[in-house]
């Protein structure tokens, strides 16, 4: 079996248990020998090619989908927070829009992760001669959906927290129309 995370990969076998490694700056051959040492030592070329293809696909998923979308989401969230604190009241809507856009991208990231993992699992399950199965991990997916939930909740609450209020002298706060808040 094979697991894909944000920054690492894990190979799971009965012989060696779970072996994990960081992907950054490592070649496919190095990862293959780290994650599946028995396969590297064997003469089974078909299995070696299959594992090499899986590692290459996993690295592409990590660099093209997982990290790229999350980086864009993070930048938008930080821009929204900065705009929220430094813009005048009439420009706070732009900050809220950036926070909602960030939450939308987090949703797209969670959906892309779920769909990619599901597609890989189905593909490896229906292959007739597949010697390595891919199982979808729930941890990475749960983190993505929790991040979406928090981001959306924060973006939804910010407009109510950022309303302007003025004190009328009697300890009560008034909104723009003069109503007690």
TODO: Within region 22-57, count every residue that is surrounded by fewer than 16 Cβ atoms within 10 Å (Cβ to Cβ) and touching a strand residue (DSSP E or B) at 6+ places or on another chain (Cβ under 7 Å).
DONE: 2
Open item on the list: Step by step: first the residues of region 6-18, then only those that are in contact with a helix residue (DSSP H, G or I) (Cβ under 8 Å, 6 or more places away or on another chain) and over 17 Å from residue 139 (Cα atoms), then the one that is surrounded by the most Cβ atoms within 10 Å (Cβ to Cβ). Which residue is that?
Closed with: 13
- [ ] Please identify the pairs in which a residue from region 32-54 that is touching a residue at least 60 places away in the same chain (Cβ under 8 Å) has its Cβ atom under 7 Å from the Cβ atom of a residue that is surrounded by fewer than 16 Cβ atoms within 10 Å (Cβ to Cβ) and in a loop (DSSP other than H, G, I, E, B), counting only partners at least 6 apart or on another chain.
- [x] 47/131; 50/131
TODO: Could you list, in sequence order, all residues of region 19-43 that are in contact with a helix residue (DSSP H, G or I) (Cβ under 9 Å, 6 or more places away or on another chain), more than 28 Å from residue 115 (Cβ to Cβ) and outside any helix (DSSP H, G or I)?
DONE: 42
TODO: Only residues in region 7-27 that are at positive phi and modelled with pLDDT of 80 or more count as the first member; pair them with residues that are loosely packed, with under 12 Cβ neighbours inside 10 Å and not in a strand (DSSP E or B), Cβ under 8 angstrom, at least 6 apart or cross-chain, and list the lot.
DONE: none
TODO: Report the residue count in region 58-67 for those that are touching a helix residue (DSSP H, G or I) at 6+ places or on another chain (Cβ under 9 Å) and either loosely packed, with under 14 Cβ neighbours inside 10 Å or at pLDDT 75 or above (or both).
DONE: 3
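The values are calculated or read from the model by the stated rules, or taken from the named source; none is laboratory data. No experiment lies behind these values; they were computed from the predicted model shown. Positions of Cβ are backbone-derived with ideal geometry, glycine not excepted, and every protein chain shown enters the neighbour counts.
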